[in-house]
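Peer 1: Have a look at this one before I ask anything.
The values are calculated or read from the model by the stated rules, or taken from the named source; none is laboratory data. Since this is a predicted model, take the numbers as computed values, not measurements. Heads up, the Cβs are rebuilt from the backbone with ideal geometry, glycines too, and the neighbour counts pull from every protein chain shown. Areas reflect the complete protein model, heavy atoms only, side chains present, ligands, DNA and RNA absent. Shrake-Rupley method; radii C 1.70, N 1.55, O 1.52, S 1.80 Å.
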Amino acid sequence: MCSFSSGLPNFCIVALVLNELGYRAVGVRIDSGDLAYLSKRVQMAYKAIAEKFSLPWFADLKIVASNQINEETLMSLNSQGHCITAFGIGTNLVTCQTQSALGCVFKLVEVDDQPRIKLSQDTNKITMPGRKEAYRLYGRDGSPLVDLLQRVEENPPEVGTKVLCRHPFQATKRAHVQPARVERLYQVFWKDNKICCDLPSTLEIRNHTQRSLELLRVDHKRALNPTPYKVSASEVLYDYIHSMWLKHAPIGQLF
């Protein structure tokens with residue numbers, strides 16, 4: 001749910017329409033922001049809808065909270081007071097915290113050749129719209145410097161040519177890279193509901209992964225305070241992300 005100016009009103013509208021068709025919505029999920037505060041605001045909206053449309057059951061709809069929830073989060077929520085009726089606990093329930101989980105999800109970025117963007121109060125959850133190409137840029141010592149995402153219509157980076165690499169969402173984080181080697185990362189294995197090329201064996205995948213890890217600098221692989229490996233956006237992709245972000249982000253209203 002992105003905000004109270006879009007996500008929650010849209011849910012309430014859909015829930016009311018479903019009710020007229022003989023169905024009942026279950027509730028909403030909050031997965032970012034101030035969970036305690038947001039749950040209270042959602043519950044207020046539930047009660048207002050229930051009273052306005054004489055639908056008592058609407059006040060009892062569920063509010064599910066997720067987003068890296070652990071014991072400390074639960075204790076903090078209980079001390080603040082909240083209206084959450086269920087918690088989605090995944091990462092901290094099924095993984096060993098000394099061996100961190102890879103937080104990875106698939107997100108829709110284009111429909112019928114029309115780019116799509118997901119907005120969130122948490123910038124880490126905002127998606128980068130449209131089809132993209134991915135390249136790995138290597139330094140003169142043979143180690144990878146950065147992975148660069150570009151729009152498909154852009155020309156690929158060239159060896160020896162300076163490339164501006166930008167953090168997708170932080171304007172001041174940017175750097176010029178002059179790659180000694182460029183590796184194209186994106187390869188299509190599934191297209192038009194079928195496998196479109198020969199799949200590597202499990203052993204080949206393992207060997208490729210080991211070779212890639214061997215090329216990383218030691219500071220990226222150390223157990224204590226490792227240097228984050230950078231994944232950047234091209235200047236064109238950066239501008240496109242922010243133009244769509246501003247275009248579709250709801251404008252708040254103060255009361």
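Peer 1: Looking at (1) out of contact with any strand residue (DSSP E or B) (no Cβ under 9 Å at 6 or more places or on another chain); (2) modelled with pLDDT of 95 or more, which is the one condition that is false for Lys62?
Peer 2: The single condition Lys62 does not satisfy is (1).
Peer 1: Please count how many residues of the range 117-130 are farther than 16 Å from Tyr238 by Cβ, out of contact with any Gly (no Cβ under 8 Å at 6 or more places or on another chain) and in a loop (DSSP other than H, G, I, E, B).
Peer 2: Total meeting the criteria: 3.
Peer 1: Between a first residue in the range 85-106 that is under 27 Å from Arg222 (Cβ atoms) and outside any loop (DSSP other than H, G, I, E, B) and a second residue that is modelled with pLDDT under 70 and not charged (D, E, K, R), which pairs have beta carbons less than 6 Å apart while being 6 or more apart in sequence or on different chains?
Peer 2: Taking only residues 6 or more apart or on different chains, the pairs are Thr91/Ala101.
Peer 1: Could you check the range 196-230 and list, in sequence order, the residues that are in contact with a Phe, Trp or Tyr (Cβ under 7 Å, 6 or more places away or on another chain) and more than 28 Å from Glu154 (Cβ to Cβ)?
Peer 2: Leu199
Peer 1: Also, quick follow-up: Considering only the range 53-77, state which residues are assigned to a helix (DSSP H, G or I) and surrounded by fewer than 16 Cβ atoms within 10 Å (Cβ to Cβ).
Peer 2: Taking the range 53-77 and keeping what is assigned to a helix (DSSP H, G or I), we get 56-60, 71-77.
The answer is Pro56, Trp57, Ala59, Asp60, Glu71, Glu72, Leu74, Met75, Ser76.
Peer 1: Of the residues Ala36, Ala50, Ala15, which is among the hydrophobic types (A, V, I, L, M, F, W, C), farther than 20 Å from Phe87 by Cβ, touching a residue at least 40 places away in the same chain (Cβ under 8 Å) and surrounded by 14 or more Cβ atoms within 10 Å (Cβ to Cβ)? Lay out the reasoning, then the answer.
Peer 2: Details: Ala36 fails: farther than 20 Å from Phe87 by Cβ; Ala50 fails: touching a residue at least 40 places away in the same chain (Cβ under 8 Å).
Of Ala36, Ala50, Ala15, the one residue that is among the hydrophobic types (A, V, I, L, M, F, W, C), farther than 20 Å from Phe87 by Cβ, touching a residue at least 40 places away in the same chain (Cβ under 8 Å) and surrounded by 14 or more Cβ atoms within 10 Å (Cβ to Cβ) is Ala15.
Peer 1: Follow-up question, since we're still on this one. Can you confirm whether Leu102 is open to solvent by less than 60 Å² (accessible area, probe 1.4 Å) and of a type outside the set (D, E, K, R)? Working first, answer last.
Peer 2: Working: open to solvent by less than 60 Å² (accessible area, probe 1.4 Å): no; of a type outside the set (D, E, K, R): yes.
No, not satisfied.
Peer 1: Can I ask one more? Looking only at the range 128-145, count every residue that is touching an Asp or Glu at 6+ places or on another chain (Cβ under 8 Å), without any contact (Cβ under 8 Å) to a residue 60 or more places away in the chain and either among the charged types (D, E, K, R) or on the phi > 0 side of the Ramachandran plot (or both) and tell me the total.
Peer 2: So the answer is 3.
Peer 1: Consider Lys173 carefully, then state whether it is of a type outside the set (S, T, N, Q) and closer than 18 Å to Ala134 by Cβ.
Peer 2: Working: of a type outside the set (S, T, N, Q): yes; closer than 18 Å to Ala134 by Cβ: no.
It is false that Lys173 is of a type outside the set (S, T, N, Q) and closer than 18 Å to Ala134 by Cβ.
Peer 1: Considering only the range 120-145, state which residues are under 15 Å from Trp245 (Cβ atoms) and surrounded by fewer than 18 Cβ atoms within 10 Å (Cβ to Cβ).
Peer 2: Step one: filter the range 120-145 for residues under 15 Å from Trp245 (Cβ atoms), giving 120-130.
Ser120, Gln121, Asp122, Thr123, Asn124, Lys125 - these are the residues of the range 120-145 that are under 15 Å from Trp245 (Cβ atoms) and surrounded by fewer than 18 Cβ atoms within 10 Å (Cβ to Cβ).
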